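Asks: Have a look at this one before I ask anything.
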Amino acid sequence: MKKFLVIAAALAIGLSISFAEGGAAKAKGKADPAKSAESFIKKSDKDGNGTLSKEEFAASPRGVKLKEKGDGAVDKGFSHLDKDKDGQISKDELVAASQKGGKGKAAK
């Protein structure tokens, strides 16, 4: 359980950092989480449905880094972000994760 929490925290921090590095507009020194999430999805959403499947997440730069860690890190990270367990990561789920350190709940 401890290892999962460490991975989840690292994932949330990594997503926040990768969103900021993704060229999102900055306001008052902080990246806008909604714009960052939208940019991340736009770059990684191969089927154009506006959400990320596990396969699309795994192929994203963040997913590739998680694959390198092994130990099911991609599956754990995806499950952590997919709060409503519909098999897709939405913009709202990414925003919630970046704003609450990965512990937030997506808006419905």
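Asks: So how much slack lies between Asn49 and Asp86, counting 0.36 nm per residue of separation and subtracting their Cα-Cα distance, in nm?
Replies: Full extension from Asn49 to Asp86 adds 11.9 nm.
Asks: With a sphere of radius 14 Å drawn around the Cβ of Lys67, what net charge do the other residues whose Cβ falls strictly inside it have (Lys, Arg +1; Asp, Glu -1)?
Replies: On the way: positive: Lys54, Arg62, Lys65, Lys69, Lys76; negative: Glu55, Glu56, Glu68, Asp71, Asp75.
With Lys, Arg at +1 and Asp, Glu at -1, the net is 0.
Asks: Between Asp75 and Ala34, how high is the FRET efficiency from 1/(1 + (r/R0)^6) when r is the Cβ-Cβ distance and R₀ = 30 Å? Nearest 0.05.
Replies: Given R0 = 30 Å and the Cβ-Cβ separation, E is 0.70.
Asks: Same structure again: Just to be sure I understand the model, the point goes 7 Å from the Cα along the line to the Cβ. What's the resulting Val64 to Lys100 distance in nm?
Replies: 3.1 nm
None of the figures in this text is laboratory data; all of them are computed from the coordinates on show. The structure displayed is predicted, hence computed values, not measured ones. Every residue, glycine among them, receives a Cβ derived from its backbone with ideal geometry; neighbour counts consider all protein chains shown.
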